[in-house]
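Shown next, in structure tokens, is the structure this report addresses.
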Amino acid sequence: MVDPEEKGNLGVCTVKPDWGFTIFLGFTAMATGASVMIVEVLGSKVIGPFFGVSLFVWTSLITVTLLALATGYAIGGYLADRKNGAGYLYFIILAAGFFILLIPVFQTAVLNICLSFGLRLGAFTSAAILFGPALFLLGCVTPYIIKIAATEMRLIGKTVGVFYAVSTAGSVAGAALTGFVLIAAFGIHDIFLFTGSGLVLLSVVYFVGLRKKKWVLLACLLPALSLSLTFPAKPALGGNAIFKEVFSRDTFYGNVQVVDRSKGKQRHRLLITDGLIQGGMDKANGFSTYLYTYYMQFLPYAMSANGKKTLVAGLGIGIIPKWLEGKGFDVDVVEINPHIYEVAKTYFDFNIKGKVIVADARQHMLQTKEKYDYVITDVFTGGMMPDHLFSIEAI
């Protein structure tokens, strides 16, 4: 495999890259393209618990991503014309890997500071600080790769097209795997660890395997190991009470936690999704610790005393459907997250005679042949009710 750098001159491309190194460049384009989308998809999971998974959060993430990439393309192209050696390319990738490893380390501190800026500015600023540096560096990669790989002007169009296609294919794979598989399988912090470490390893392979600079291995692995050991497990819950995490899992619909809270004689168990409390139970008597559930339970009585058949959309800890069934109502529940159902049964003593349907509430209400006297909607995403359940089409 021929590296297109003259020995002793890091910045001048003097040798035409052979097919082996061209394939390595293609893998680099795919890996960095995947990393861009992994960071963007995970961004909503990082910022969501603080600012809600709202339009403002997604607008901030998309804007920061596009600004960082556009700036990276421009500056990367400028630098590639002046410092076009492959060593500079893999140093940029190395730096991007370390910035990704830093995201979980500083996310809580950055987000707590940005909360005071308000919803719009806070979401944008936190996204820019946490994800901007890594995305900017990843944006610099493609111009460098094209500069190294393009050896003949008459083939420049083909070279650009091939490497952009490979990079985009990596982005597609990164987005799909992260959203459909990785979050639920490994968790957000582990994915950041794998992604950042993967980019660091890619640079190490170049410098140590191709350039024979073994000192780079030690220089890279020591700080990478230190960062991996400092990864926080989860954002800490504050206050004077004593909190003990009983269960935690990242799911396709956010992080789900069960936390026991002790304060004085109080012994409460909380259900938390993406840092937001979704329900609480007094462990001594099984009653809800939040007033809103009592208001929800009495809604059927406020509307009509004649109905019995009830659909509860959104399970939570299951107190509302369990209480209604105890009062003689025929209750079915529709819940989109299967892990919430398992958590309610295991940690909150949820059990009813009616059906529990694991599905999107809107789809179930449109497709079911059941007729209900009451439909109680208790669904929240990131502290907000999902719009698609309150549209004319859904009703």
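Every number in this text was worked out from the coordinates using simple rules, so none of it is lab data. This structure is a prediction, so every number in the text was calculated from the model and none was measured. Heads up, the Cβs are rebuilt from the backbone with ideal geometry, glycines too, and the neighbour counts pull from every protein chain shown.
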Proxy exposure order for C114, C140 (fewest C-beta within 10 Å first) is C114, C140
For segment 254-385, what relative contact order do you get, as a whole percent, if you take Cα pairs closer than 8 Å and at least 6 residues apart?
22
Everything considered on the Cα gyration tensor (a ≥ b ≥ c; rounded for a/c under 1.5, else prolate if a/b is larger than b/c, else oblate), segment 242-389 must be described as oblate
Provide L135, L119 in ascending order of the number of other Cβ atoms located within 10 Å of each residue's Cβ, fewest first.
L119, L135
Find how much the distance from V172 to K308 grows on full extension, using 0.36 nm per residue of separation minus their present alpha carbon separation; answer in nm with one decimal.
44.2 nm
If I model segment 19-229 as equal point scatterers sitting on the Cα atoms and use the Debye formula, what is log10 I(q)/I(0) at q = 0.12, 0.13 Å⁻¹?
-0.62, -0.72
Compute the Kirkwood hydrodynamic radius of segment 91-140, taking the inverse of the mean of 1/r over all pairs of distinct Cα atoms, and give it in Å to one decimal.
11.2
Burial ordering of D332, D373, D274, fewest other beta-carbon atoms within 10 Å first:
D373, D332, D274
Full-extension gain in nm, I62 to K265, via 0.36 nm per residue minus C-alpha separation:
68.4 nm
